[in-house]
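Novice: Pasting a structure here, questions to come.
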Amino acid sequence: MELDMNRLALGTVQFGIPYGVANSRGQVSIETATEILKYAWSEGVNTLDTAIAYGDSEQRLGNIGVESWQVISKLPKIPSGTNDILNWVKQGVYASLERLKISQLYGLLLHCPQQLLNPEGDMLYIALNWLKENNLVCKIGISIYDPNELEELFSRFQFDLIQSPFNVLDRRLEKSGWLSRLKEIGIEVHVRSVFLQGLLLMNTSARPGYFNPWQQLWEQWEEWLAENNLTPLQACLGSVLSNSEIDRIVVGVDSVSHLQEICTVLKNSLSVSPEDLYSDDINLINPSIWKI
């Protein structure tokens with residue numbers, strides 16, 4: 001089954017800062033970033049994922065030229081003591097558009113959606129909708145770490161787009177029932193962390209000692225790969241993209257060759273996930289709390 005290449009979205013955090021547990025190259029050079037975008041576009045990829053918090057990623061994308069792309073960016077946490085929420089949001093988005101050298105974002109996500117549940121939340125939501133009404137943003141949404149965040153947020157607010165972690169080990173979005181619920185109400189779903197920051201692609205010898213407590217899981221993973229004659233890359237992509245309820249899979253790369261590998265896998269048959277290989281252990285599946 002060959003998959004639509006536009007289901008792939010290019011994550012650009014590596015363009016702005018050194019990122020990822022498996023990253024040994026540091027921040028991607030402007031020359032490499034330009035080549036990555038050129039190759040991605042030639043393969044039919046049309047969506048970019050960035051954020052104000054990603055160092056100079058937006059600036060670099062603007063310098064490369066991304067006016068033909070669907071660009072998604074994210075607002076950081078509102079600083080404490082911000083009195084004029086509407087103005088803060090507007091100025092943040094105007095600055096993003098200026099750096100990116102585009103007139104409209106395809107999507108604007110909140111990096112800290114829990115702020116919508118604070119006293120300033122209603123004004124924040126009004127500000128997001130103002131951006132939509134004035135054609136500065138096409139879709140508004142949230143970037144989450146855990147599907148448990150969705151219940152309260154969706155009981156009070158309406159969104160067009162959500163981004164969530166999802167990979168062969170972390171299938172909370174699916175197993176909680178939220179993935180199907182989101183599709184039923186017409187929400188566009190993008191998933192990230194499909195390689196778990198590169199951890200799922202690492203050789204056993206290169207895996208940091210922090211991950212030793214999950215040795216049994218790693219053995220299961222390697223055994224399943226061997227039984228099915230799959231590379232980790234094939235298994236990671238296949239386990240996510242075989243789920244038709246996922247609209248976009250956000251992947252970050254640090255070289256053209258890395259992107260070429262991904263595109264080659266996508267053009268060939270993809271597998272499904274092993275049903276018994278997953279984890280609910282936050283200490284493993286949430287990279288933000290890793291102690292490495």
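Novice: State whether one or more residues within segment 15-26 are in contact (Cβ under 8 Å) with a residue 60 or more places away in the chain and on the phi > 0 side of the Ramachandran plot.
Specialist: Yes - at least one qualifying residue is present in segment 15-26.
Novice: Looking at segment 233-255 only, could you name the residues that are in a helix (DSSP H, G or I) and open to solvent by 40 Å² or more (accessible area, probe 1.4 Å)?
Specialist: Q234
Novice: Tell me yes or no: at least one residue of segment 61-78 is in contact with a Gly (Cβ under 7 Å, 6 or more places away or on another chain) and either closer than 24 Å to Q234 by Cβ or modelled with pLDDT under 90 (or both).
Specialist: no
Novice: Would you point out the residue of segment 149-159, among those that are in contact with a helix residue (DSSP H, G or I) (Cβ under 8 Å, 6 or more places away or on another chain) and not hydrophobic (A, V, I, L, M, F, W, C), that is surrounded by the fewest Cβ atoms within 10 Å (Cβ to Cβ)?
Specialist: The qualifying residue surrounded by the fewest Cβ atoms within 10 Å (Cβ to Cβ) is R156.
Novice: Separate question: Go through segment 54-86 and count every residue that is closer than 24 Å to I144 by Cα, open to solvent by 70 Å² or more (accessible area, probe 1.4 Å) and of a type in the set (S, T, N, Q).
Specialist: 1
Novice: Shifting gears a bit: Is there any pair linking a residue in segment 269-292 that is free of Cβ contacts under 8 Å to residues at least 60 places away in the same chain and surrounded by 15 or more Cβ atoms within 10 Å (Cβ to Cβ) to one that is assigned to a helix (DSSP H, G or I) and not hydroxyl-bearing (S, T, Y), with Cβ under 8 Å and at least six apart or on different chains, and which?
Specialist: Close Cβ pairs (under 8 Å, with a partner that is assigned to a helix (DSSP H, G or I) and not hydroxyl-bearing (S, T, Y)) amount to S271/Q234; S271/A235; S271/G238.
Novice: Pick from segment 1-19 the residues that are out of contact with any helix residue (DSSP H, G or I) (no Cβ under 7 Å at 6 or more places or on another chain) and buried (at least 19 other Cβ atoms within 10 Å of the Cβ): which of them is modelled with the lowest pLDDT?
Specialist: My answer is Q14.
Novice: Could you list, in sequence order, all residues of segment 199-242 that are more than 19 Å from the chain's Cα centre (by Cα) and of a type in the set (A, V, I, L, M, F, W, C)?
Specialist: M202, A206, F211, W214, L217, W218, W221, W224, L225, A226, L230
Novice: Can you tell me how many residues in segment 98-127 are under 17 Å from D160 (Cβ atoms) and at pLDDT below 95?
Specialist: Residues in segment 98-127 being under 17 Å from D160 (Cβ atoms) and at pLDDT below 95: 1 in total.
Novice: Looking only at residues in segment 189-209 that are open to solvent by 40 Å² or more (accessible area, probe 1.4 Å), in a helix (DSSP H, G or I) and in contact with a helix residue (DSSP H, G or I) (Cβ under 9 Å, 6 or more places away or on another chain), which one is modelled with the highest pLDDT?
Specialist: Ranking the qualifying residues of segment 189-209, first place goes to L201.
Novice: Test N229 against the stated conditions and say whether it is in contact (Cβ under 8 Å) with a residue 40 or more places away in the chain and open to solvent by 40 Å² or more (accessible area, probe 1.4 Å).
Specialist: no
The values are calculated or read from the model by the stated rules, or taken from the named source; none is laboratory data. Only a predicted model underlies this, so the values are computations on that prediction, with no experimental measurement involved. A quick note on method: Cβ atoms are made from the backbone with ideal geometry, for glycine too, and the neighbour counts reach across all protein chains shown. All accessible areas refer to the heavy atoms of the entire protein, side chains included, with ligands and DNA or RNA removed. Shrake-Rupley method; radii C 1.70, N 1.55, O 1.52, S 1.80 Å.
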